[in-house]
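The values are calculated or read from the model by the stated rules, or taken from the named source; none is laboratory data. Quantities reported herein were computed from a predicted structural model and do not represent experimental measurements. Cβ sites come from the backbone with ideal geometry, for glycine too, and all protein chains shown count toward neighbours. Side chains included, ligands, DNA and RNA excluded: accessible areas come from the protein's heavy atoms. Shrake-Rupley method; radii C 1.70, N 1.55, O 1.52, S 1.80 Å.
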Amino acid sequence: MNPVPILTTERLVLRPFTLADAPGVHKLAGHFEIADTTMNMPHPYPDGAAESWIGTHQKTWELGSGLTLAITLKDSGQLIGAIGLTINKDHHRAEMGYWVAVPYWGRGFCTEAARALLDYGFTGPKLNKIYATHLARNPASGKVMQKIGMKYEGCLRQHVKKWDKFEDLAYYGTLRNEYYN
Ligand SMILES: CC(C)(COP(=O)(O)OP(=O)(O)OC[C@H]1O[C@@H](n2cnc3c(N)ncnc32)[C@H](O)[C@@H]1OP(=O)(O)O)[C@@H](O)C(=O)NCCC(=O)NCCS
């Protein structure tokens, strides 16, 4: 089994989470602003949830069904977010998901991490398609998708129920042959 990759960019290191990250995840992912526009983030963030979540990563990697990496600052090692791919092996495609802690928003960190993970997805597991979705009311995430070159494929109307309200999802994707052209 290949080790979980570590991806280095100009300002970031994307590396596997360890249990030592759990208090940081609990604190940073616990902000309402993170839960508000993600699909599976509990809020309030329960005690023990970070440890449980981190505990799933290695198995998911070994099954080839996903990769989750901590977004950390190269200079200080500070944890600032998470990014990952949920892989569908049958279809050679993956869904990208991410969050960046509120104090670090608007500095291009998510775009930098997403670009590196997109590159890994095509060069490492050699995926055919990488896609991502965002709630229509979350344009910052759509901007990240646009900045890494994903193409808008459409709006899935009232596709999800978020906190008792049906919401539209915007869907973006990049195909392997587009990436290499
Ligand atoms: C979405 C998120 C990951 C973006 O992280 P980030 O590090 O701030 O992203 P970046 O700085 O790389 O890019 C954000 C872009 O959105 C733009 N933006 C921010 N708010 C915006 C808004 N309301 N409308 C349009 N664009 C907006 C920023 O200006 C920036 O674009 P620019 O570089 O051209 O100026 C972060 O806001 C987040 O974690 N949100 C909560 C969790 C979440 O929504 N995750 C994604 C689920 S699909």
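Among the protein heavy atoms, those of Met1 account for about 150 Å² of accessible surface (1.4 Å probe, every chain in place). Rolling a 1.4 Å probe across the protein heavy atoms gives segment 61-129 an accessible surface of 44 Å² per residue. Using a probe radius of 1.4 angstrom, the carbon and sulfur fraction of the accessible surface of segment 76-116 is 50%. Rounded to the nearest Å, what's the spacing between the alpha carbon centres of segment 125-181 and segment 1-53? Just the number, please. Using only Cα atoms to place each centre, the spacing works out to 21 Å. Projected label points at Ser52 and Met1, each 7 Å from Cα along the beta carbon direction, are separated by 2.2 nanometres. Overall shape: rounded for the chain, with the ratio a/c of the largest to smallest alpha carbon gyration tensor axis below 1.5. Only lysine pairs 8 or more places apart or on separate chains count here, and in the chain those with Cα atoms under 13 Å apart total 4. Figure note: Trp53, Trp163 ranked by solvent-accessible area, largest first, 1.4 Å probe, ligands and nucleic acids not counted: Trp163, Trp53.
Taken about its Cα centre, the chain carries a charge dipole of about 400 debye when Lys and Arg each add +1 at the Cβ and Asp and Glu each add -1 at the Cβ. Heavy-atom accessible area with a 1.4 Å probe sorts Thr56, Thr86, largest first, into Thr86, Thr56.
Of the residues Gly66, Ile34, Pro23, the one whose Cα sits farthest toward the positive end of the charge dipole of the chain, with +1 on the Cβ of Lys and Arg and -1 on the Cβ of Asp and Glu, is Gly66. Full extension of the chain between Lys151 and Trp105 yields a length gain of 14.3 nm, computed as 0.36 nm times the residue separation minus the alpha carbon distance.
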